[in-house]
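Every read-out reported here was derived from the displayed coordinates using simple, explicitly stated rules and does not represent laboratory data. Owing to the predicted nature of the structure, the values given are computational and were not obtained by experimental measurement. Cβ placement follows ideal geometry from the backbone for every residue including glycine, while neighbour counts extend to all protein chains displayed.
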Amino acid sequence: MSPLADAFYERSMALVAAAREKNAPVLRTLAPIIGQSLAAGGILHVFGSGHSEVIAREIIGRAGGLVCVSGIVDPTGGFIENLVGYGTELAGRHDRQHELRPGETIIVISNSGKNSSPIEVALYAKQKGLHVVGLCSATMSAGARTVHPGGKKLHEIANHVLDNLGVPGDTLIDTGGGVMTGPTSTLVGGMLLNLLMLEIMDWMKANGHPLPVLRSQNLPGAIEHNRAVGAAYKHRLSRQLA
């Protein structure tokens, strides 16, 4: 492969390993909190604005993932994520349609942690009594100035923080002349969420709870299986099962 591609591979794989080690205590702490809620019939909610929606989507309706995960959908794709009040409206609509219940958990994803919509979603959920997990770059968030009039950033609102260890600008590789490439937030963020799902499943299994895990619809009988495991949650899922 090219020198740029090789450099990105080596540095990003090292970053994944470092992020796993750094976040392991938080992942272990979250497993029983979320696991108990799901075992009692609750839902795990997730929101990512703009490109962070890609990370959130990784655990919604995912083959091999838990069926009881519901995403807050932004129909603008983050286009107006800094319109003050918009994130509150998004969270409120999701609450009315799918319910945000006290004791449940929401994962809010924002690499910078400074934009209005994810901050407002976190504030709304916290007011409703949910546990708020912020997934962001601690380094970038610490140096960024919030655009929200409340003055706080995501990591200052969240009950728990997962750090993707990203650098300011979210790029690792200099192509020359200061043109940077090699983004890492999606790669590391997706890994951290999948590690969290497995920690939750491990806790649920160890404590005698069934695992409502989806199967790939490309496997025989999977659609029927998925409908069965999702039946109890159907009215609360933002993405309906086939």
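In a fully extended conformation the segment linking residue 139 and residue 205 would gain 20.2 nm over its present Cα-Cα distance, using 0.36 nm per residue.
Provide 47, 8, 79 in ascending order of the number of other Cβ atoms located within 10 Å of each residue's Cβ, fewest first.
In order of increasing Cβ crowding within 10 Å: 79, 8, 47.
Other residues whose C-beta falls under 15 angstrom from the C-beta of residue 135 contribute a net charge of -1, scoring Lys and Arg +1 and Asp and Glu -1. Comparing 154, 90, 219 in a Gaussian network model of the chain (Cα springs below 10 Å), the most mobile by mean-square fluctuation is 219.
Amide H to amide H, with H built 1.01 Å from N, residue 70 comes under 5 Å of 44, 45, 46, counting only residues 5 or more places away or on other chains. If you wrap the Cα atoms of segment 42-123 in a convex hull and average its projected area over all directions, you get 5.1 nm².
Backbone phi angles across segment 180-191, fed through the Karplus curve with coefficients 6.51, -1.76 and 1.60 (θ = phi - 60°), yield HN-Hα couplings of 9, 8, x, x, 10, 5, 5, 4, 6, x, x, 5 Hz in residue order; Gly and Pro are listed as x. If R0 is taken as 25 Å, the Cβ-Cβ distance between residue 13 and residue 218 corresponds to a FRET efficiency of 0.30. Here the dipole of segment 20-113 is about 280 debye; that uses its Cα centre as origin and unit charges on the Cβ of Lys and Arg (positive) and Asp and Glu (negative). Amide H contacts under 5 Å for residue 109: 47, 48, 49, 135, restricted to partners 5 or more places along the chain or on a different chain, H placed in the peptide plane at 1.01 Å from N. GNM remark for the chain: springs join alpha carbons under 10 Å apart, and the peak mean-square fluctuation among 71, 134, 178 falls on 178. Over the chain, what is the relative contact order in whole percent, taking alpha-carbon pairs under 8 Å and six or more residues apart? This gives 25 percent for the chain. Candidates 75, 231, 213 compared by Cα position along the dipole of the chain: farthest toward the positive end lies 231, with charges placed on Cβ. Under the convention that each Lys and Arg Cβ holds +1 and each Asp and Glu Cβ holds -1, the size of the dipole of segment 108-225 around its Cα centre is about 340 debye.
For the chain, the dipole from Cβ point charges (+1 on Lys and Arg, -1 on Asp and Glu) about the Cα centre works out to 600 debye, to the nearest 20.
The alpha carbon centroids of segment 32-108 and segment 172-195 are separated by 23 Å. Rounded, prolate or oblate for segment 1-101? Axes are the square roots of the Cα gyration tensor eigenvalues, ordered a ≥ b ≥ c, and the cut-off for rounded is a/c under 1.5. Oblate.
Between residue 234 and residue 80, take the C-beta separation as r, use R0 = 30 Å, and let me know the FRET efficiency to the nearest 0.05.
That pair, residue 234 with residue 80, gives E of 0.50.
Which residue fluctuates most in the GNM of the chain (Cα springs below 10 Å): 228, 138, 56? Top of the fluctuation ranking is 228. Taking every DSSP helix (H) stretch of at least 4 residues in the chain, weighting each as -39,500 (n - 2.57) and dividing the sum by the residue count yields a mean residue ellipticity at 222 nm of -14500 deg cm²/dmol.
Over segment 155-242, all Cα pairs binned in 5 Å intervals from 0 give whole-percent P(r) values of 2, 11, 12, 13, 17, 13, 11, 9, 6, 3, 2, 0, listed from short to long.
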